[in-house]
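The values are calculated or read from the model by the stated rules, or taken from the named source; none is laboratory data. These figures come from a predicted structure and were not determined experimentally. When we count neighbours, we look across all protein chains shown, and the Cβ atoms used for this are built from the backbone with ideal geometry, even at glycine.
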Amino acid sequence: MTVWDDLVGQERVSGQLDAAARDADALVTAAAVSAPPPEASRMTHAWLFTGPPGAGRTQAARAFAAALQCVSPDRALGGTPGCGFCDGCHTALVGTHADVTTVAAVGTQILAEDMRDTVRKSFTSPANGRWQVILVEDAERLNEKSANAVLKAVEEPAPRTVWLLCAPSIEDVLPTIRSRCRHLNLCTPSVEAVADMLVRREGIEPDVALAAARATQGHVDRARRLATDPAARRRRAAVLKLPLRVEDVGGCLKAAQELVDAASEDAKVLAEEMDTKETEELKAALGAAQGGRLPRGTAGVMKDLEDKQKRRRTRTQRDSLDLALTDLTAFYRDVLALQFGSRVAIANADAEDALERIARGSSPESTLRRIEAIGACRDALDRNVAPLLAVEAMTMTLRAG
Ligand SMILES: [Zn+2]
């Protein structure tokens, strides 16, 4: 068992990261005994992880962070860094290592103020003498200002600082930043690899695992959730019924409203948990007794937190809608496959009746148009169009012809 075992179907990438982690370890060891650094090194100070959603970009970056911080004594005996169990690995994996800083967008953008402390930290030495690791989970959400701050830091890194940037594709990151990074592209893991992971790691029955892996098409987290969470299964089943419900205008509007409501509900449940905890922690830090008054001059800090929470809520709602749209796209792809007489790659075998009905009652051209409508809805959500408007426009297009 090593940190690389959690990366599903990414043998090539984990091989490269493993090699880099070994060389990084050799660099630290040489410095500790004042020996000259090894001549050739596969280690570098900036990495860009790309790959389709769910392939495990962040997991790969986090596993690498753990391997860089690994302090297992086995390393000296020829073992590979990244044991997964030592204090360095463990704290890096659970997010409590002092020298691993994770940045994730709370809203639709990473703002300059979200980045400020992290960039400052990147110019300092690590507390434990190994590596100062900065992991940016969604580098595609850096805006102009925050991207420029990152660029400066990546251009002139401190000797022991490592930047790990994650983004869907290389085009999502400024050319000036990506030219300074070593690029690793994760592939979509195969259905078999995902199913195998579910059986091995989660103890799921093989046929349930295979169905979940197939339905989520290589998205590891979604497959895990679908296989283990009944609420996720109910949500998906509701989404897959939508194509049969958009027969008239009333049905379209109702389906749109339900889709948006379900997403808000998701966001609310997630947010309430996090918001309450955060607010209480901040109040405590500001010196207010529970339920007591806040000290003078701290209203601005509280306001900042409220803004951040509001941005996160909007983002969570969009993410949840996006998941539903992904399921819907997969449904119409299956319809298209049936219309072309191919049954091999059907993702939603459990919705076969609905698939058959839509496939018989429409043409491949209209299926393509429907898939485009879902894409257009996604683009509209990205441009901050009000969710209900965007989803209604989509369901209306799903209806016609
Ligand atoms: Zn370790």
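Quick one: would you say Ala40 is farther than 30 Å from Glu306 by Cα, part of a helix (DSSP H, G or I) and out of contact with any strand residue (DSSP E or B) (no Cβ under 9 Å at 6 or more places or on another chain)?
no
Is it fair to say Leu259 is in contact with a helix residue (DSSP H, G or I) (Cβ under 7 Å, 6 or more places away or on another chain), part of a helix (DSSP H, G or I), modelled with pLDDT of 85 or more and buried (at least 17 other Cβ atoms within 10 Å of the Cβ)?
yes
What residue, of Ser34, Ser72, Ser14, is within 30 Å of Thr216 (Cβ to Cβ) and hydroxyl-bearing (Ser, Thr, Tyr)?
Ser14
Answer with yes or no whether Gly292 is over 28 Å from the mean Cα position of the chain (by Cα), of a type in the set (Gly, Ala, Ser) and modelled with pLDDT under 85.
Here the answer is yes, as Gly292 does meet what is asked.
Return yes or no: is Val100 in the same structural domain as Glu171 (by TED's automatic domain parsing) and either under 20 Å from Leu165 (Cα atoms) or crowded, with 20+ Cβ neighbours inside 10 Å (or both)?
yes
Kindly provide the set of residues from segment 181-208 that are surrounded by 16 or more Cβ atoms within 10 Å (Cβ to Cβ) and assigned to a loop (DSSP other than H, G, I, E, B), ordered by number.
Selection gives Cys181, Leu186, Thr188, Pro189, Ile204.
Would you be able to tell me the number of residues in segment 229-244 that are closer than 18 Å to Leu325 by Cβ and surrounded by fewer than 12 Cβ atoms within 10 Å (Cβ to Cβ)?
1
If I filter segment 15-31 down to residues being among the small types (Gly, Ala, Ser) and within 15 Å of the ligand (Cβ to nearest atom), which single residue comes out as surrounded by the fewest Cβ atoms within 10 Å (Cβ to Cβ)?
Ala24
Report whether or not Thr161 is more than 16 Å from Phe49 (Cα to Cα), surrounded by fewer than 19 Cβ atoms within 10 Å (Cβ to Cβ) and of a type outside the set (Gly, Ala, Ser).
No.
Among (1) surrounded by 13 or more Cβ atoms within 10 Å (Cβ to Cβ); (2) outside any helix (DSSP H, G or I), which single condition is Glu247 missing?
For Glu247, the failing item is (1).
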